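The values are calculated or read from the model by the stated rules, or taken from the named source; none is laboratory data. Worth saying up front: this structure is predicted, and the values here are computed from it rather than measured. Here the Cβ is made from the backbone with ideal geometry for all residues, glycine too, and neighbour counts use every protein chain on show. When the accessible area is computed, the model is the full protein with side chains, heavy atoms only, and any ligands, DNA or RNA have been set aside. Shrake-Rupley method; radii C 1.70, N 1.55, O 1.52, S 1.80 Å.
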Amino acid sequence: MNGTQSIDAPWGISVFGAASVDAAPDLARLRVAIAQTRQEPGEAFEVTRGGVNQIREVLRGHSIPDTAVSASRLDLKSLWTYGNERKFRGYECTASFVIELREIDLLETVLVDIVEAGANQVDGVEFDVRAKKELRARARTAAVAAAREKADLYAEAAGVRLGPVVHIKDVDSEPMRNSYRSHSSGSGGDGGDGDLTPGRVSVSAGVIIGFSIIGG
């Protein structure tokens, strides 16, 4: 958790509570790119644009709508080889894609097909959940419950009773974490050898609560 686990000028009981909630991912984001190098800039643009069109056709064939695909503009740069002397290699044209896939079972098939269609750079796969707001709310509610439970223990140990809440401070939650499970030979997994399987998506929250105390 980030943030200072204290309250400015505290009085009564000040406690920190944290909680995490996890869920099975229901979407994946694929980050891929196509890069082609040619001696002439026009040729580099042409062949890369053709690859972009092929990738889009493959995605449509998997019923992935255009709205689920974010593509960059074509980028062009000169490539040089540096050694004893600088040598011009050509012009590299690149287009990158972020593809949101809601049918996670199609992940491996889609990856293979778009690579065969021309995507020669795979920058990563990120698993996520659509109900992120709801998960965050559940984590925050559980963090409050954890803080109150801790305060009750301190009050009982000190021989006092908790009074009303006088201060609540949200602590920046950790970014949503994605875990992965990759089956390998002999692992005993049910996904087969080399199966890329998402694990759980975890959301964390933290809160600092100040309580007044009664009696002694």
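List of remarks:
- Criterion: more than 15 Å from the chain's Cα centre (by Cα), assigned to a strand (DSSP E or B) and modelled with pLDDT of 90 or more - qualifying residue of LEU153, LEU162: LEU162
- Boolean, GLN36 is assigned to a strand (DSSP E or B), closer than 21 Å to ASP123 by Cβ, more than 25 Å from the chain's Cα centre (by Cα) and polar (S, T, N, Q): yes
- Any hit, the stretch 1-17, residues being surrounded by 17 or more Cβ atoms within 10 Å (Cβ to Cβ) and under 30 Å from ASP128 (Cα atoms): yes
- Residue count for the stretch 36-58 satisfying the condition of being within 27 Å of GLU103 (Cα to Cα) and in contact with a strand residue (DSSP E or B) (Cβ under 6 Å, 6 or more places away or on another chain): 2.
- The listed residue being modelled with pLDDT of 95 or more and surrounded by fewer than 18 Cβ atoms within 10 Å (Cβ to Cβ), out of GLU85, GLU92, GLU103, GLU108: GLU92
- With respect to the conditions (1) more than 30 Å from GLY206 (Cα to Cα); (2) touching a residue at least 24 places away in the same chain (Cβ under 8 Å); (3) surrounded by fewer than 15 Cβ atoms within 10 Å (Cβ to Cβ), VAL98 lacks only one, and its number is (3).
- Candidates are the residues of the stretch 31-80 that are touching an Asp or Glu at 6+ places or on another chain (Cβ under 6 Å) and without any contact (Cβ under 8 Å) to a residue 60 or more places away in the chain; the one that is most open to solvent (accessible area, probe 1.4 Å) is LYS77.
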